1. Among 296, 327, 281, which is the only one that is surrounded by fewer than 16 Cβ atoms within 10 Å (Cβ to Cβ) and touching a residue at least 60 places away in the same chain (Cβ under 8 Å)?
2. Identify the single condition in (1) more than 25 Å from residue 25 (Cβ to Cβ); (2) more than 17 Å from the chain's Cα centre (by Cα) that residue 111 does not satisfy, given that it satisfies every other one.
3. Residue check, residue 21 against (1) closer than 24 Å to residue 173 by Cα; (2) touching a helix residue (DSSP H, G or I) at 6+ places or on another chain (Cβ under 8 Å); (3) surrounded by 15 or more Cβ atoms within 10 Å (Cβ to Cβ), all met but one. Which one?
4. How about segment 303-323: which of its residues are surrounded by fewer than 16 Cβ atoms within 10 Å (Cβ to Cβ) and either part of a loop (DSSP other than H, G, I, E, B) or in contact (Cβ under 8 Å) with a residue 60 or more places away in the chain (or both)?
5. Those residues that are surrounded by fewer than 18 Cβ atoms within 10 Å (Cβ to Cβ) and either in a helix (DSSP H, G or I) or in contact with a strand residue (DSSP E or B) (Cβ under 6 Å, 6 or more places away or on another chain) (or both), I need them from segment 258-273; list them, please.
6. Of everything in segment 143-155 that's in a loop (DSSP other than H, G, I, E, B) and buried (at least 18 other Cβ atoms within 10 Å of the Cβ), which residue is farthest from the chain's Cα centre (by Cα)?
7. Considering every residue within segment 259-276, establish whether at least one is farther than 26 Å from residue 7 by Cβ and modelled with pLDDT of 95 or more.
8. If you go through segment 161-178, how many residues are touching a residue at least 24 places away in the same chain (Cβ under 8 Å), in a helix (DSSP H, G or I) and surrounded by fewer than 20 Cβ atoms within 10 Å (Cβ to Cβ)?
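The values are calculated or read from the model by the stated rules, or taken from the named source; none is laboratory data. These numbers were taken from a predicted model, which means no experiment stands behind them. Ideal geometry is used to build each Cβ from the backbone, glycine not excepted, and the neighbour counts take in all protein chains shown.
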């Protein structure tokens, strides 16, 4: 069995929100000459394949790569955190209804994560409660920062408290990468910025006391935890030698939090995976592929399956750890 916790989906049809709201760079989808174009205003943002929005195509590809279930989440560019709160809430509701409907049609193959209007915590909590009580989705996806504000900001604490009470799992995905405008060439925001952005999110939630204050939060971070596992020595050393700068909100060592959150397996390298196992532990890594995008693992789980592991460990990585993070039974 394989449960892929890191996959993205979008509806085949979306309202033209720029026309409706009268501002901004809301994405809509246009189908042109057998191509599907994500449009930002009147400009092509990204050309996507039908596996990005057509569940039937997705299911066929899952069968081909022997993926039992996908955990569906919104494409980060659709977060719309920059929008007016009421407009962001409307778009989040639209995407969440689509994901819930996709799951309802194939409940044995899909699990859904919702998106929230994080620019307004009251609206975000309201939508998260709807996700839990009405749509019955077990988790949410949020960005690694919210309009440049770290996830350690205390204004987010009521949402974490509510997620903890509802048993909602969190999937933290990098977006709006730091330094993005300074490194546009060579795809560097995705190759360099994304790993750093994920480490930013993890460190913020550790140093800001989020993991300490909300110990029952079940959090997973994309892309193998980014650069965090590979720089934990530096992070811990900084914590020890400059407590005046690092230990402002939390005096507990960052290494002590390893084992209290999950990461996905998307590291693309067997040596890196072996190191990730040694740092994060065999219970805290879940299969994640970033399907259907080119920077992902094109055959989900192939790296794990190619490594010489005991059968019990392989099962943990391919599906058991995912059920623990999501808090579901199969």
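1. Being surrounded by fewer than 16 Cβ atoms within 10 Å (Cβ to Cβ) and touching a residue at least 60 places away in the same chain (Cβ under 8 Å) holds for just one of 296, 327, 281, which is 327.
2. Answer for residue 111: the failing condition is (2).
3. Condition (1) is where residue 21 drops out.
4. Within segment 303-323, 307, 308, 310, 315 qualify.
5. 270, 271, 272
6. Going through the qualifying residues, I end up with 152.
7. No.
8. 4
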